[in-house]
1. Rank the residues Asp139, Asp101 as a footprinting-exposure proxy: fewest other Cβ atoms within 10 Å of their Cβ go first.
2. Where does the longest stretch of the chain lie that holds no trypsin sites (Lys or Arg not before Pro) found in a DSSP loop with 13 or fewer other Cβ atoms within 10 Å?
3. So, in nm, how far is label Ile124 from label Lys102 when the simple model puts each one 7 Å beyond its Cα toward the Cβ?
4. Quick one: helix 2-16 against the long Cα principal axis of the chain, what's the angle to the nearest 10°, folded into 0 to 90?
5. Hey, in the GNM for the chain with a 10 angstrom Cα cutoff, which one of Ser54, Ser106, Ser78 fluctuates hardest?
6. Let's test the formula: R0 of 25 Å, r as the Cβ-Cβ distance of Asn143 and Asn57. What FRET efficiency results, to the nearest 0.05?
7. Using 22 Å as the Cα-Cα cut-off, could you pick out the over-long pairs in Lys7/Lys44; Lys9/Lys85; Lys2/Lys75; Lys24/Lys148?
8. Using DSSP to define loop residues, name the GluC sites (Glu not before Pro) in segment 4-104 whose beta-carbon has at most 13 other beta-carbon atoms within 10 Å.
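The numbers here are math on the coordinates, done by the rules we state, and not lab data. This one's a predicted model, so the numbers in the text were calculated from it and none came from an experiment. Ideal geometry is used to build each Cβ from the backbone, glycine not excepted, and the neighbour counts take in all protein chains shown.
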Amino acid sequence: MKNEIEKLKIEIRKRNIEYYTLNKPIISDIEYDKLINRLIELEKLNPQLKTIDSPTNRIGAGILNGFSSVKHEVKMLSLGNTFNKSDLIDFDERCKKTINDKIEYSVEYKIDGLSVSLKYENGIFIEGATRGDGLIGEDITNNLRTVKKNSKH
């Protein structure tokens with residue numbers, strides 16, 4: 001069990017570098033999710049083998065060279081994966097426990113993209129940052145200023 005956990009951690013770290021740092025993933029999201037889910041399962045069954053540096057304790061990646069860092073005021077979390085109807089029902093129940101208002105959903109095919117935190121003061125955009133590791137992200141303010149505002153909204 002310990003060997004399988006260590007092999008999974010090494011494999012996942014390699015895939016994280018390919019995806020987050022090099023922007024050149026060599027496995028599909030589904031294959032990656034299978035690796036992560038297997039590690040989660042093994043760590044739940046063997047909590048004594050879960051280490052602080054486990055990939056299951058991290059989201060995202062570190063800051064890329066050429067970008068300044070931004071400390072998030074509130075930790076940015078990663079979205080969970082949903083693979084079947086049961087996962088959707090569980091998600092809906094968690095939302096209903098948190099939000100005391102009517103909830104509407106829109107479902108789209110997965111589009112790989114970028115999570116950003118946007119900061120406005122008095123209605124003026126002043127800062128944008130990637131999620132990074134959830135606590136510290138990359139300052140992409142100038143990049144975001146090049147995005148045209150949709151005049152219809």
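1. Values: Asp139 17, Asp101 6.
Ranked by crowding around the Cβ, least crowded first: Asp101, Asp139.
2. On the way: sites that count: Lys75, Lys102, Lys110, Arg145, Lys148, Lys149, Lys152.
Looking at the chain, 1-74 is the longest stretch - no exposed trypsin sites (Lys or Arg not before Pro) with at most 13 other Cβ atoms within 10 Å.
3. 3.7
4. 30
5. Maximum among the listed residues: Ser106.
6. Working: r = 29 Å, r/R0 = 1.16.
Result of the calculation: an efficiency of 0.30.
7. Working: Lys7/Lys44 17 Å; Lys9/Lys85 29 Å; Lys2/Lys75 31 Å; Lys24/Lys148 28 Å.
Going by Cα-Cα distance, Lys9/Lys85; Lys2/Lys75; Lys24/Lys148 fall outside the 22 Å limit.
8. Details: sites: Glu4, Glu6, Glu11, Glu18, Glu31, Glu41, Glu43, Glu73, Glu93, Glu104; in loops: Glu73, Glu104.
When the GluC sites (Glu not before Pro) of segment 4-104 are filtered for loop state and at most 13 Cβ neighbours within 10 Å, Glu73, Glu104 remain.
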